[in-house]
Amino acid sequence: MESKLAITALAALAQTTRLETFRQLVKAEPDGVPAGELARMLDVPQNTMSAHLATLQRAGIVKSERQSRSIIYRADLEGFRALTLFLLKDCCGGNAELCAPLIADLTPCCLPESQPCVN
C-alpha cells in the first residue's frame with residue numbers, strides 16, 4: 001500500500017460515523033448490510049450515510065455489491081489488511097519479539113461475546 005492511500009483510509013476512519021459504520025460492517029461479515037439498514041442502526045439520514053459509504057469506498061476499505069434492488073455494503077477486509085500491514089510493516093525495527101503483543105491482539109477470537117477471549 002502506498003502512503004497516499006493509507007492516509008486516505010486513515011482520514012476516512014477519523015470521523016465518528018464512518019468509524020462506526022466500518023465497525024458495523026466488520027461485525028456483519030460476510031453478509032454485509034444494506035445502506036438503509038446502516039443508516040437506521042447509526043441513526044443517520046440515508047443521504048448522509050451514502051456520502052460516508054462513498055468516502056469509505058474511495059479509501060479502499062468498503063466495497064459494495066448490488067443484490068436485486070439493494071446495494072449491500074461490506075468491509076473490504078483485504079483493503080483493511082493492507083492498511084494494517086502498512087502500519088505494522090516496520091514495527092519495532094523488525095524485532096518480532098517486540099511486535100508479538102500487537103499481533104496477538106489482532107488474532108480473532110471465536111467465543112460468544114459473553115465469554116472473555118483468552119489468547
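Please treat every number below as a calculation from the coordinates, not as lab data. Please read all numbers here as calculations on a predicted model, not as lab measurements. Note that we place each Cβ from the backbone using ideal geometry, even for glycine, and neighbour counts take in every protein chain shown.
Side notes on the structure shown:
- Spin-label pair VAL26-THR48: with each label point 7 Å from Cα along the Cα-Cβ axis, the two points sit 2.3 nm from one another.
- Within the stretch 22-47, backbone nitrogen closer than 11 Å to the virtual label 7 Å beyond the Cα of GLU65 toward Cβ: 30-33
- Label-point gap, in nm, between ILE7 and LEU98 - each point 7 angstrom along Cα→Cβ: 2.6
- Calculated on the alpha-carbon coordinates, the convex hull of the stretch 3-78 measures out at 78 cubic angstrom per residue.
- Within-12-Å neighbourhood charge of LEU13 [Cβ basis; K, R +1; D, E -1]: +1
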